[in-house]
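Structure, as structure tokens:
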Amino acid sequence: MQEFQPTEIKRLPHSLAIKWKDGHQSEHSYRILREKCPCARCTAEKQKENPFHLLPSEDYWDKLHLVGIQRVGRYAIQLQWSDGHKTGIYTFTFLRELSEQTDS
């Protein structure tokens, strides 16, 4: 059994709200979730630290929205974004740890 289990995952206009089995509640903006995408491609791009890498404009982030959520077994969700990206699998442990990082 996973250490962290959600009891509810709710799409809001600009964020994802999660209620956890232990009573904790978290809310992640879509921007943070997309920036922290744990897929192999996004992780590799972050590790390159290319000084010429162009960051998306604020307009990009304003238009970004969540298209869909798909459950992956009992341990994760896969998020589908309006920019076409859909390979990130967000484990419940990852989401909870992200919550604890942003709560501080």
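The values are calculated or read from the model by the stated rules, or taken from the named source; none is laboratory data. Everything numeric in this text was worked out from a predicted model, so none of it was measured. Cβ coordinates were reconstructed from backbone atoms using ideal geometry, including for glycine residues, and neighbour counts include every protein chain displayed. Just the protein is used for accessible areas: all its heavy atoms, side chains included, with ligands, DNA and RNA removed. Shrake-Rupley method; radii C 1.70, N 1.55, O 1.52, S 1.80 Å.
The single condition from (1) closer than 18 Å to G88 by Cα; (2) at pLDDT 75 or above that H24 fails is (1).
If you go through segment 61-70 one residue at a time, do you hit one that is at pLDDT below 85 and surrounded by 11 or more Cβ atoms within 10 Å (Cβ to Cβ)? Within segment 61-70, one or more residues are at pLDDT below 85 and surrounded by 11 or more Cβ atoms within 10 Å (Cβ to Cβ).
Among the residues of segment 63-93, those that are hydroxyl-bearing (S, T, Y) and in a loop (DSSP other than H, G, I, E, B) comprise Y75, S82, T87. Contact annotation: residue pairs with Cβ atoms under 6 Å, 6 or more positions apart or on different chains, pairing a residue in segment 7-31 that is without any contact (Cβ under 8 Å) to a residue 60 or more places away in the chain with a partner that is open to solvent by 100 Å² or more (accessible area, probe 1.4 Å) and polar (S, T, N, Q), are K19/Q25.
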